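Reading through the structure tokens given below for one structure.
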Amino acid sequence: MTSRSEGLPMAMIEAISCGIPVALPDVGDVRSVICPGENGIIIVPEDTAGLAHTLLRILDDEQLCAELRDGAIATRETLKRHYSLDRVSNMWYVLLVRILQSSYHRVPSGMRRT
């Protein structure tokens, strides 16, 4: 991934969830998921040479690749707990209800929990 700016990169979450080692720039919320050297490698943003070097290092070093893969797989459970469809949709629901309530609007019947 070579973004200059990000929030929480979905490509990173998807790769880690599949046990794929990642190398990404230190942008957005990358560090909220990546523990450098454990489940991925963080590089300086916009350092294309550094990214290329890091990717080659992961591909050439079987032990490093295996360690990052194992770390990614271990991180998968944390990602499921924090970013599952049910959890994220519930977070959005709660947020939207709070916004509507704080705006003195009634919660539309279609948004009420059943």
> HN-Hα J couplings of the stretch 69-81 from phi, Karplus 6.51/-1.76/1.60, θ = phi - 60°, integer Hz, Gly and Pro as x?
Replying inline: 5, 4, x, 5, 5, 5, 6, 3, 5, 5, 4, 4, 5
>> If Rh is defined by the Kirkwood formula over all Cα pairs and Rg also comes from Cα, what ratio Rg/Rh do you get for the chain?
In response: 1.15
>> If packing is taken as the average count of other Cβ atoms within 10 Å, what order do 61-74, 34-47 fall into, highest mean first?
In response: 34-47, 61-74
> When only Cα pairs under 8 Å and 6 or more residues apart are kept, what is the percent relative contact order across the chain?
Replying inline: 24
> Helix 48-60 sits at what angle to the longest principal axis of the chain, using alpha carbons and giving 0 to 90 degrees rounded to 10?
Replying inline: 70
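No lab work stands behind these numbers, since they all come straight from the coordinates. Just so it is clear, the model here is predicted, and its values are computed rather than measured. Glycine gets a Cβ as well: all are built from the backbone with ideal geometry, and neighbour counts include every protein chain shown.
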